[in-house]
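Since the structure comes first, as structure tokens, the remarks are kept for the end.
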Amino acid sequence: MSPADTVFTSGSVITMDPALAGATALAVTGERITAVGGEEVRELIGPDTEVVDLAGRALLPGFQDAHVHAVFGGLELGVCDLTGTTDLPEYRRLITAYAAAHPERPWITGGGWSMESFPGGMPTRQLLDALVPDRPVLLANRDHHGAWVNTRALELAGVTASTPDPADGRIEREADGTPSGMLQEGAVELVGRAAPRPTAEDLLAGLLRAQRLLHGYGITAWQDALLGEYGGHPDVSGAYLTASGRGLLTARVVGSLWWDREAGAEQIPRLVERREALRSGGRFRADTVKIMQDGIAENRTAAMTAPYKDACGCATADSGLSFVDPEALRGYVTELDALDFQVHFHALGDRAVRESLDAVEAARAANGRRGNRHHLAHLQVVHPVDVPRFARLDAVANLQPLWAAHEPQLDELTSPFLGGDLAERQYPFGDLHRAGARLAAGSDWPVSSANPLEGIHVAVNRILPGGDLPPFLPGQRLDLTTALAAYTSGSAYVNGLDDTGVLRPGHLADLVVLDRDPYSVPPAELASLRVEATYVGGRRVFGS
């Protein structure tokens, strides 16, 4: 064989392929892996070969995020960013400082605040009025299923006590019906549509900012979970096309086209047109449709099989919202499947999970198995009778592991209000794995950290990094190999990147170098691992 362009030696090469276990070296020529093995790989070192001495460090397939909002996350990094704290005085300081630093901006926008910082998860307009009385403020919460607004924003948007709730959302109100300053789900759009939209240049800058961050976490590919206008968010697909066309997109990206919940099957021809228009010929394509079937448990919009409890622990009449009629959903998914779209479901409550699986089952019955790799994201609650259906239907369980740990938003705003025995069914990763489900993993960043090593830590420990609380439902832990596979080969499967996710000859050289072998550290220290270099197609995109 001819000399390789790059040879990695003297490390732990974790291939994710049992047939290639124990490798210590890997060679790359062009974009692809040409050899995996031991000392014999050194024979591919020529005079122009770059030799990377791993010196005992670990080489793995590049991580892939199966559910992320990269452009939105990058945009938030450039506006009023409230992530990284749950301290209300710190929120006040950050908002005041941002408004003072940007007197030219007609609106103060941003987000990242946490519901646990406010009584009942409900911030008020008066809090913001005291900080920014003269300009409208619109701040998305951490999970992006709600927003905090001030009085000026409500006035400019024309949202008053007489404004009805939208079908897919709720305006939180004061005793006399006046909007309180908290908007849930689709109600965010009532104010969001009045706010200025980011420019094309803003969106491109957000994408490139996000790409740098994600590469720094060892991420080489992702699925962007929302391409389209929703809840005041702009369509970000143009940023991907521009970056791809200019050669700026170094990651591999699959885009999920947003399903308009206010429309029906008549939107499908438009989705077909958009799929074709967004074929970049580079590293970006949009052949997935995102259907948001329910909301979140914290604001009681996740669709459950048992009604929520009230603050006194009594059953209510509220079981959450199914945003798409379940019978209609089966027809939509069947038609999308026949057109070879992948369907990416937001399914958080167990009723939404069941409705989504029913739709996949209907598509399978009508169309046979077409290999479209439908996947259900979030899966906070899964009914035991539905757990084995994932494997049977080849529906991928798309996990966001960081959420499966004790923290105030779960312990104070969610679990006490789940009816029946739903609180004991949360994030059943272990049950899904034991039932043969194919697992993928993602972050939902900027909802939570995009760092896969933190997600792997929680998947294995069911404890947040640095946390001192007991494991959350420890019977649902995953072993390290399974957790790593979810972030590599599992997400590669969802993303249709079949020549990535496993290190073997002929595959693309999408790689990550970690400072230590993850199998050499105690499980409680997994989050302390650090990414030292990231490669896409053999080209270093992060690290020195």
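The values are calculated or read from the model by the stated rules, or taken from the named source; none is laboratory data. Since we're looking at a predicted model, the values are computed, not measured. Because the Cβ atoms are built from the backbone with ideal geometry, glycine has one as well, and the counts that use them run over all protein chains shown.
Only residues that are in a loop (DSSP other than H, G, I, E, B) and more than 21 Å from W403 (Cα to Cα): list them for segment 306-320, please.
Of the residues in segment 306-320, the ones in a loop (DSSP other than H, G, I, E, B) are 306-308, 310-314, 316-320.
Selection gives A306, P307, D310, A311, C312, G313, C314, T316, A317, D318, S319.
Filtered by the rule that a residue be among the small types (G, A, S) and either free of Cβ contacts under 8 Å to residues at least 24 places away in the same chain or farther than 30 Å from H374 by Cβ (or both), segment 54-109 gives A55, G56, A58, G78, G84, A97, A99, A100, A101.
Is there a residue in segment 127-145 that is without any contact (Cβ under 8 Å) to a residue 12 or more places away in the chain and not small (G, A, S)?
no
Over 28 Å from A210 (Cα atoms), touching a residue at least 12 places away in the same chain (Cβ under 8 Å) and of a type in the set (A, V, I, L, M, F, W, C): is that true of L418 in this structure?
On the way: over 28 Å from A210 (Cα atoms): yes; touching a residue at least 12 places away in the same chain (Cβ under 8 Å): yes; of a type in the set (A, V, I, L, M, F, W, C): yes.
Answer is yes for this residue.
Does segment 461-486 hold any residues that are assigned to a helix (DSSP H, G or I), farther than 17 Å from M16 by Cα and in contact (Cβ under 8 Å) with a residue 40 or more places away in the chain, and which are they? Please lay out each step first, then the result.
Taking segment 461-486 and keeping what is assigned to a helix (DSSP H, G or I), we get 461, 474-476, 480-486.
The next check asks that each one be farther than 17 Å from M16 by Cα; those that pass are 461, 474-476.
If the condition is that a residue be assigned to a helix (DSSP H, G or I), farther than 17 Å from M16 by Cα and in contact (Cβ under 8 Å) with a residue 40 or more places away in the chain, then N461, G475, Q476 are the ones that fit.
Quick grid of which residues meet (1) basic (K, R); (2) closer than 30 Å to R270 by Cβ; (3) buried (at least 18 other Cβ atoms within 10 Å of the Cβ):
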{"position": "G295", "(1), (2), (3)": "no, yes, yes"}
{"position": "T305", "(1), (2), (3)": "no, no, yes"}
{"position": "D310", "(1), (2), (3)": "no, no, no"}
{"position": "C314", "(1), (2), (3)": "no, no, no"}
{"position": "V324", "(1), (2), (3)": "no, yes, yes"}
{"position": "A328", "(1), (2), (3)": "no, yes, no"}
{"position": "G331", "(1), (2), (3)": "no, yes, no"}
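Is it the case that segment 258-269 has a residue that's in a loop (DSSP other than H, G, I, E, B), crowded, with 19+ Cβ neighbours inside 10 Å, touching a residue at least 40 places away in the same chain (Cβ under 8 Å) and among the aromatic types (F, W, Y)?
Looking for residues that are in a loop (DSSP other than H, G, I, E, B), crowded, with 19+ Cβ neighbours inside 10 Å, touching a residue at least 40 places away in the same chain (Cβ under 8 Å) and among the aromatic types (F, W, Y), one finds at least one in segment 258-269, hence yes.
With respect to being under 24 Å from the mean Cα position of the chain (by Cα) and free of Cβ contacts under 8 Å to residues at least 40 places away in the same chain, E189 falls outside the description. Name every residue in segment 256-298 that is acidic (D, E), within 30 Å of T414 (Cβ to Cβ) and over 16 Å from the mean Cα position of the chain (by Cα), in order of residue number. Residues satisfying the conditions are D260, E262, E298.
Where in segment 340-442 are the helices (runs of 4 or more DSSP H), entirely inside, with at least 3 residues that are in contact with a Leu (Cβ under 9 Å, 6 or more places away or on another chain) and among the hydrophobic types (A, V, I, L, M, F, W, C)?
Working: elements: 350-367, 389-393, 408-411, 429-434.
Here the list reads 350-367, 389-393.
Has segment 450-473 got any residue that is over 24 Å from E298 (Cβ atoms) and among the acidic types (D, E)?
no
For segment 529-536, the condition of being closer than 19 Å to G11 by Cβ, of a type in the set (G, A, S) and touching a residue at least 12 places away in the same chain (Cβ under 8 Å) holds for at least one residue.
A single member of I14, I33 is at pLDDT 95 or above, surrounded by 21 or more Cβ atoms within 10 Å (Cβ to Cβ), in the same structural domain as P518 (by TED's automatic domain parsing) and within 23 Å of R283 (Cβ to Cβ), and it is I33. Report yes if L336 is more than 18 Å from H378 (Cα to Cα), among the hydrophobic types (A, V, I, L, M, F, W, C) and surrounded by 18 or more Cβ atoms within 10 Å (Cβ to Cβ), otherwise no. Yes; evaluated as a whole, the condition is true for this residue.
Identify all residues within segment 1-21 that are within 21 Å of A533 (Cα to Cα), assigned to a loop (DSSP other than H, G, I, E, B) and over 32 Å from the mean Cα position of the chain (by Cα); write none if there are none. Lay out the reasoning, then the answer.
Within segment 1-21, the subset within 21 Å of A533 (Cα to Cα) is 4-16.
With the extra rule that they be assigned to a loop (DSSP other than H, G, I, E, B), the set shrinks to 4-5, 10-11, 14-16.
A4, D5, S10 - these are the residues of segment 1-21 that are within 21 Å of A533 (Cα to Cα), assigned to a loop (DSSP other than H, G, I, E, B) and over 32 Å from the mean Cα position of the chain (by Cα).
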